[in-house]
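**Student:** Encoded as structure tokens, here's the structure I'll be asking about.
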Amino acid sequence: MSFNIAIDGPAGAGKSTIAKELAKELGFIYVDTGAMYRAMALYFIKNKIDNKNEEEIARACKCVDITIRYENGEQQVFLNGENVNGSIRNEEVGNMASVTSGYSQVRTKLVELQQQLAKTENVVMDGRDIGTVVLPNAQIKIYLTASVETRAKRRYEELREKGQDCDLKQIEEDIEKRDYQDIHRENSPLKQAEDAVLIDSSHLSIEEVVGEIKKMIRISAKDERR
Ligand code: DC
């Protein structure tokens, strides 16, 4: 049986950094589900799909094929056969993904792919609904959060590092808006699973969070042996 670690939480809480590091240390596969929603969003943007029109979204979903592959341990997302990793990490795609990920047609397609991956591989998977919907039986569930200010600052620094021009206040507003959308949507809203452990990373380093989760894994393994 595969070992699954689910990490959920709001945008910018540090999920991907933590999940990547954890996967590397454990020799697991890191599955970034946000990238899959972003790839779908990119399709909707490119094809000028109206994100308020559910019928149009449903029709478009039938034309989208998302697959993932690993190159040197890095997840690569393919949209209809094209590697789109370089085009999905911007605010336009993130904002579109936040809206379109609310549609059940979009979610059904991607949840299936995510569950398939976790069935055969040991994974660290991050997203919004991993512990609640995608992997309800995951051995370890984390709900990772941080204050809005901390998250906005982290995203600002990340974008600046990539050479993108950005405004801290605007990012903060985008994060608040995205939080609201992710928490209040009807389908698979962002929420802490009942059996997930809450970690607030506002004042913790990456090493401290990773260390905390590894401690949980050791305890869970010990319980299993009893
Ligand atoms: O984690 P991210 O910023 O790359 O995610 C982009 C959007 O995708 C986010 O606003 C919510 C959505 N998402 C989701 O609904 N479910 C997931 N499992 C992952 C992301």
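**Student:** GLY73 fails exactly one of the following numbered conditions: (1) without any contact (Cβ under 8 Å) to a residue 24 or more places away in the chain; (2) among the small types (Gly, Ala, Ser); (3) on the phi > 0 side of the Ramachandran plot. What is the number of that condition?
**Tutor:** Against the list (1) without any contact (Cβ under 8 Å) to a residue 24 or more places away in the chain; (2) among the small types (Gly, Ala, Ser); (3) on the phi > 0 side of the Ramachandran plot, GLY73 comes up short only on (1).
**Student:** Every residue in the range 118-136 that is surrounded by fewer than 20 Cβ atoms within 10 Å (Cβ to Cβ) and more than 22 Å from ILE183 (Cα to Cα), please.
**Tutor:** Once the filter is applied, which keeps residues that are surrounded by fewer than 20 Cβ atoms within 10 Å (Cβ to Cβ) and more than 22 Å from ILE183 (Cα to Cα), the range 118-136 yields LYS119, THR120, GLU121, ASN122.
**Student:** Please find, among ASN122, ASN83, ASN137, the residue that is within 30 Å of ASP165 (Cβ to Cβ) and more than 15 Å from the chain's Cα centre (by Cα).
**Tutor:** Details: ASN122 fails: within 30 Å of ASP165 (Cβ to Cβ); ASN137 fails: within 30 Å of ASP165 (Cβ to Cβ).
Sole residue among the options that is within 30 Å of ASP165 (Cβ to Cβ) and more than 15 Å from the chain's Cα centre (by Cα): ASN83.
**Student:** On to the next question. Could you list, in sequence order, the residues of the range 1-31 that are near the ligand (Cβ under 10 Å from one of its atoms) and either more than 20 Å from VAL133 (Cβ to Cβ) or hydroxyl-bearing (Ser, Thr, Tyr) (or both)?
**Tutor:** Answer for the range 1-31, where residues must be near the ligand (Cβ under 10 Å from one of its atoms) and either more than 20 Å from VAL133 (Cβ to Cβ) or hydroxyl-bearing (Ser, Thr, Tyr) (or both): GLY12, SER16.
**Student:** Can you find even one residue in the range 4-21 that is under 22 Å from GLN115 (Cβ atoms) and polar (S, T, N, Q)?
**Tutor:** Scanning the range 4-21 turns up at least one residue that is under 22 Å from GLN115 (Cβ atoms) and polar (S, T, N, Q).
**Student:** Here is a further query. Would you list the helices (runs of 4 or more DSSP H) that sit entirely within the range 132-226 and hold 2 or more residues that are within 16 Å of the ligand (Cβ to nearest atom)?
**Tutor:** Details: elements: 148-161, 168-184, 206-225.
So the answer is 148-161, 168-184.
**Student:** Being at pLDDT 95 or above and either more than 21 Å from ILE7 (Cβ to Cβ) or in contact with a Lys or Arg (Cβ under 6 Å, 6 or more places away or on another chain) (or both) is the filter here; which residues of the range 132-166 pass it?
**Tutor:** LEU144, GLU149
**Student:** Has the range 29-45 got at least one residue that is within 24 Å of GLU121 (Cβ to Cβ), charged (D, E, K, R) and touching a residue at least 12 places away in the same chain (Cβ under 8 Å)?
**Tutor:** Residues of the range 29-45 within 24 Å of GLU121 (Cβ to Cβ): 29-40.
Within this subset, residues satisfying the condition of being charged (D, E, K, R) are 32, 38.
From the residues that got through so far, the ones that are touching a residue at least 12 places away in the same chain (Cβ under 8 Å) too are 32, 38.
Yes, the conditions are met somewhere in the range 29-45.
Conditions (1) polar (S, T, N, Q); (2) at pLDDT below 95, marked per residue:
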position: GLU92; (1), (2): no, yes
position: ASN95; (1), (2): yes, yes
position: THR100; (1), (2): yes, no
position: LYS109; (1), (2): no, yes
position: THR120; (1), (2): yes, yes
position: ILE130; (1), (2): no, no
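The values are calculated or read from the model by the stated rules, or taken from the named source; none is laboratory data. As the structure is a prediction and not an experimental result, all values here were calculated from the model. As a convention, Cβ positions derive from the backbone with ideal geometry for all residues, glycine included, and neighbour counts pool all protein chains shown.
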